[in-house]
Amino acid sequence: MTMARSELRRRAVRAGLLAAVAIVYLCLVGMVQAFSTRNIVGGNLPLSRILLLLPSAVAASLAVRPRVRGGVTMELNMGEAAGAGASIGLIAGAAVAVGIGIVNLIGQEAVRGVFNAVTSALMLTLTLQRSTVVGTAILVALSTATGALFALAGVLAPRLRRPIVTGLTVVLLMGMLQSVVRVMLVQLGLATQWLYSVTFGGLTYLGAVASFAAGMAAARLWALRREAAAADAAERAEAGGRPRIPRAMLLVPVGFVLLALPALLGTFLSAVLGQVGIFVLMGLGLNIVVGYAGLLDLGYVAFFAVGAYATGVLTAAVNSGSSLHPGLPFLLAVPIVVLIAVAAGLLIGGPVLRLRGDYLAIVTLGFGEIARVLVTSDWLKSFLGGAQGLIAIPAPTMSVGGLHIDFRNPQPFYYLALGFCLLAAFVSWRLANSRVGRAWNAMREDEQVAEAMGVSTVRYKLLAFACGAAIGSLGGALFAVQIGSLAPSSFVFFISIQSLAIIILGGMGSIPGVIVGALVLVGLPGFLTEFAEYQPLIYGAVLVAIMLYRPEGLIPNVRRTRELHEEEVEQDAWLEGVPEPAPSMTLGEAVE
Amino acid sequence: MSDGVGEQTTPTAGTRGDGQGTGDRRAILEMRDVSTHYGLISVLRHVNVEIFPGEIACLLGGNASGKTTTLKTILGYVKPSEGEVLLEDEVVSGMDTTEVVRRGISMVPENRRLFSNMTVKENLELGAYQRRDRKAIAKDMEEILETFPRLRERLSQKAGTLSGGEQQMVAMGRALMAKPKVLLMDEPSMGLAPVLVDQVFKIIKDINELGTTIFVVEQNANMALSIADRGYVLQTGQVVLADTAQSLLNNPQMREAYLGEL
Ligand SMILES: Nc1ncnc2c1ncn2[C@@H]1O[C@H](COP(=O)(O)OP(=O)(O)OP(=O)(O)O)[C@@H](O)[C@H]1O
Ligand SMILES: [Mg+2]
């Protein structure tokens, strides 16, 4: 069944306006201009131009998706979709054109007084380096065409659409991560000229086609594998046998890549991965507190600080700013650090046992700040170095057959971080699938009833705080090793937010989600320095978008998906309103 | 509110409807002169209740008379300000809820309160949380699925999407998975269509016949008394009547005040 004209028009206008707002916003915060030098494909497609067209593309492809209304699926035919997409692109393009007009009318200087990103460079970027009128016209035309094309893609069957979208995504990623991929290829002794242009930096046309094809092939293979897996599972269910290829076998290539990465990436990129590792630990730890036990902790930075400072004090051998410098070897210090963190977890967990939801969030937020104030304070200055912080924290070292390894160097550091992350992931995984995990699930859903099942909520809340603190402190310990000196200003609220954003993006309660979340939110700005400036902005946008469209995160945990997608419940909403039985005689009524 | 229902009578222990004299039986669960407060608000006043092994006892009372509070007091959610609760002659008031549960009391809460995002199976498994005997748990699960065959088809369905009647069954199954000595039920008929109410009470009777002692709280007095051995009537936090179910059904004051007859 097709959709009513008027509804289609309304939907297109709304999507077009949303895209327009997104584009104007990206221009005004300076992101478009910041990305104008990163060529993705050839010399004519920098990231800035993609950014100008991306909102229309996304809005168009989403706006034409089939909807279910009153039990009937409403689909658009190709013509309608193209038309709607074109209007979406046109509206978005026109909005930019109007913007350009306004700026020219009032004058750049006047506008810059409010929006300092509005420079002549930006105006040139927007008009594609041409005269205002011609450039604007081309931009509007491009925007319209993009809208139409992506709307067409939006109504394709998923079997066709997925490979195309994957192909385009791969091209975009290959272009964005050009420096990373190039370094890897060079390390492997492979030629890069065919893939990346020497003059422009981005993908060559051949490279773009190859990437697109690779993306399509990967999507197709993935689909085939899933079909095979489904068939296999069905077969197994009948035969009652084990899977043909044990799951564990799939881990071998993954493990191999993980071990080879530092050699492939070189020093700078390994350092970024080390940073990712620290935040994987933070994410895994917070995931236990928030994702498993459902206790919203906004002061998680406290455990990061405990881990870092405990490591600093315990391993320092010379006067580091603390009057204590026992000079313990790192590996001996770590268990003590974890114990201290567990104590801190219990200390923070204890007073907030009776608090829930927003109250808990506010109080933990306070604890996070207290941690920062304590490490800054003169009171603990002789132990923690006060405002000056700690210096001269030694890097753990190791000698293997005459080879001296210093774990502050990015590549060895990566392995240290990897080891900690694997340990933490294993512990999280075991916890989630144990009695403890089930108790946390029950507690998260209904504390009182969990008690009636015999789940001691006091004990399990404390356990969640202790486990979360232990894992987070490992992140802090790594941080101390990585930079060798600690300043109170490193332990700010933003660390808590970052950790929370990672688990929200990845999906609460999901271990792979934490890894993906950390890669996207910490790794990407590290790989692409242009992004670094917009990190908080991207965090905000990501959080809002995820909460609105995919509250279960990118790599969801099965249960969370059930918790967050309430349509199912809505469908059965009538259940709640089961008519009160006509009470033949109930006590209450008779008495009154 | 009619004042004339009379003074609290001593619970007539062991005088079952069939008239068997079992006078020297010991109560499995006993509330001895229990008073409960929420802060300054007094809710229960000197409540005495005795429940004997193998019986169904019911607690009847109007809205806000303190029925749920009675169960909460037994389970240790609230601590009595006076008096004590005894399970098999041991004082359990003052213990944590989890400890009381471990000692063999479990509850089907008011409004069922399922873990609505978990599957039926997960709900049932959580009921057995404090048990460790895997084999026995599996056997009990099987038994419960025999009692509630409907649940077997819905084992992997999200509990929150079940119909009201099905939810009540899961709630009962979940409580039974703990293999309790005493099963507390808070208004199992609430929100159910009359035909379902009949079914639920029949199941309660069946569960009892399999050996579980039951203490059921109800507003639907007729229904509760039709399956119970003995009943207590609670009025503004005080037990005003306590007798065998049969005598309560025949009690003229009771008929006038609670059973809808004039
Ligand atoms: N947590 C609480 N804090 C303060 N007062 C409470 C609390 N819980 C219950 N009360 C009060 O105690 C009284 C008895 O409540 P209770 O829930 O035991 O009644 P009930 O007999 O179960 O009623 P209903 O049939 O409506 O479920 C009510 O007046 C109620 O307002
Ligand atoms: Mg009640």
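The relative contact order of the stretch B:113-179, computed from alpha carbon pairs under 8 Å that lie at least 6 residues apart in sequence, is 56 percent.
Projection of the Cα convex hull of the stretch A:247-576, averaged over all directions and equal to a quarter of that hull's surface, yields 18.9 nm².
Rounded to the nearest Hz, the phi-derived 3J(HN,Hα) couplings of the stretch A:459-468 under the Karplus curve 6.51 cos²θ - 1.76 cosθ + 1.60 (θ = phi - 60°) are 4, 6, 5, 4, 4, 5, 4, 5, 5, x, where x marks glycine and proline.
Taking a ≥ b ≥ c as the square roots of the eigenvalues of the alpha-carbon gyration tensor, the stretch A:132-194 is classed oblate because a/c is 1.5 or more while a/b is no larger than b/c. For the pair the stretch A:399-421 and the stretch A:436-515, the centres of their Cα atoms are 27 angstrom apart.
Taking the DSSP bridge list for chain B and keeping only pairs wholly inside it, about 55 percent are antiparallel.
Residue by residue, the stretch A:315-324 carries 3J(HN,Hα) couplings of 9, 5, 9, 9, 5, 9, x, 10, 6, 9 Hz when phi is fed to the Karplus relation 6.51 cos²θ - 1.76 cosθ + 1.60 (θ = phi - 60°); x denotes Gly or Pro. For chain B, a Gaussian network of Cα nodes joined below 10 Å ranks B:Glu55, B:Glu110, B:Glu143 by mean-square fluctuation, and the top entry is B:Glu143. Pairs over the 31 Å Cα-Cα cut-off, from the set A:Lys461/B:Lys202; B:Lys158/B:Lys205; B:Lys72/B:Lys205: A:Lys461/B:Lys202. Buried accessible surface for the B/A chain pair comes to about 3700 Å², total over both chains, computed with a 1.4 Å probe.
Please report, as a whole percent, how much of the solvent-accessible surface of the stretch A:1-156 comes from carbon and sulfur atoms (probe radius 1.4 Å). About 68 percent, which is the carbon plus sulfur part of the accessible surface. Among A:Trp194, A:Trp222, the sequence by solvent-accessible area, most first, with a 1.4 Å probe is A:Trp222, A:Trp194. Amide H contacts for B:Val240 (H built 1.01 Å from N in the peptide plane; partners 5 or more residues away or on another chain; cut-off under 5 Å): B:Val233, B:Leu234, B:Gln235. Taking the square roots of five times each eigenvalue of the Cα gyration tensor of the protein assembly as shown, the equivalent ellipsoid has semi-axes of 60, 36, 26 Å, listed largest first. Residues of the stretch B:89-136 buried by at least 30 Å² of accessible area upon assembly of all protein chains, compared with the chain on its own (1.4 Å probe): B:Thr98, B:Val101, B:Arg113, B:Phe115, B:Asn117, B:Met118, B:Glu122, B:Leu126, B:Tyr129, B:Arg132.
Counting only lysines at least 8 places from B:Lys135 when in the same chain, those with an alpha carbon closer than 24 Å to its own are B:Lys121, B:Lys179, B:Lys181.
Compactness of the stretch B:57-216 is given as radius of gyration and Dmax, 15.4, 47 Å, from Cα positions.
Taking all protein chains as shown and a probe of 1.4 angstrom, B:Asp206 keeps an accessible surface of around 60 Å².
For the protein assembly as shown, the share of DSSP beta bridges that are antiparallel, to the nearest 5, is 60%.
Quick one: grab the alpha carbon gyration tensor of the stretch A:159-244, order the square roots of its eigenvalues as a ≥ b ≥ c, and give me rounded if a/c is under 1.5, else prolate or oblate depending on whether a/b is larger than b/c.
It comes out prolate by the Cα gyration axes.
Rounded to the nearest 500, what is chain A's calculated 222 nm mean residue ellipticity when only DSSP H runs of at least 4 contribute -39500 (n - 2.57) each, over all residues? After summing the helix terms and dividing by residue count, I get -22000 deg cm²/dmol. Can you work out D for the stretch A:114-264 in µm² s⁻¹ from Stokes-Einstein, where Rh is the Kirkwood radius over C-alpha pairs, the temperature is 4 °C and the viscosity is 1.567 mPa s? Calculated translational D: 66 µm²/s.
By the Kirkwood approach, averaging reciprocal distances over each pair of separate Cα atoms, the stretch B:113-179 gets a hydrodynamic radius of 11.5 Å. Here the Karplus curve 6.51 cos²θ - 1.76 cosθ + 1.60, taken at θ = phi - 60°, turns the phi angles of the stretch A:487-499 into couplings of 10, x, 5, 7, 10, 9, 3, 4, 5, 4, 5, 4, 4 Hz, with x standing for Gly and Pro. Over the stretch A:1-156, the Kirkwood radius and the radius of gyration, each from Cα atoms, give a ratio Rg/Rh of 1.04. Here, the stretch A:159-200 has an Rg and a Dmax of 12.5, 37 Å when only alpha carbons are counted. In the stretch B:41-113, the C-alpha radius of gyration followed by the widest Cα-Cα span (Dmax) gives 12.3, 35 angstrom. If you take the square roots of the eigenvalues of the alpha-carbon gyration tensor of the stretch A:351-441 and sort them as a ≥ b ≥ c, do you get rounded (a/c under 1.5), prolate (a/b over b/c) or oblate? The shape class here is oblate. In this structure the protein assembly as shown gives 46 Å² per residue of accessible area when probed at 1.4 Å with all protein chains present.
The values are calculated or read from the model by the stated rules, or taken from the named source; none is laboratory data. The shown structure was predicted, so the numbers you read here are calculated from the model rather than taken from an experiment. SASA here: full protein model, heavy atoms, side chains in, ligands and nucleic acids out. Shrake-Rupley method; radii C 1.70, N 1.55, O 1.52, S 1.80 Å.
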